[in-house]
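Rule-based calculations on the coordinates, nothing more; no lab input. On a predicted model such as this, the values are computed, not experimentally measured, just so you know. All Cβ positions, glycine included, derive from the backbone under ideal geometry; neighbour counts span all protein chains shown.
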């Protein structure tokens, strides 16, 4: 199991979240700020099986708005999950 942490701009948050949930990925969304200009950002937490990582990242890539030259659309971390439990 993996945890995908995706940090993206606020204007991409709704379309990406909708596309991920339409693809049957479970998403937790949190507001965040960061960067030099303290622009609004959204952090998505996506828990997936190992074989779903590339599919989830592909949804993020395809759904984010085109970026200006030299600008990044999202920062994505993939972290191994040793234990997962719902209480």
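Structural remarks
- Degrees separating the helix 53-63 axis from the principal Cα axis of the chain, which is the longest one: 30 degrees
- Identified option (computed percent of Cα pairs over 22 Å apart; candidates [x] 21; [y] 24; [z] 42): [y]
- Simple label model, 7 Å out from Cα along Cβ direction - residue 79 to residue 3, nm: 0.4 nm
- On the beta carbon distance between residue 30 and residue 54, with R0 = 25 Å, the FRET formula returns roughly 0.60.
- The chain: angle of helix 10-22 to the longest principal axis, Cα-based, in degrees nearest 10: 30 degrees
- Listed from fewest to most Cβ neighbours within 10 Å, the set 12, 49 follows the order 49, 12.
- Residue-averaged 222 nm ellipticity for the chain, from DSSP H runs of 4+ at -39500 (n - 2.57), nearest 500: -8500 deg cm²/dmol
- Gain on full stretching of the segment that runs from residue 14 to residue 61 - 0.36 nm per residue minus C-alpha separation: 15.5 nm
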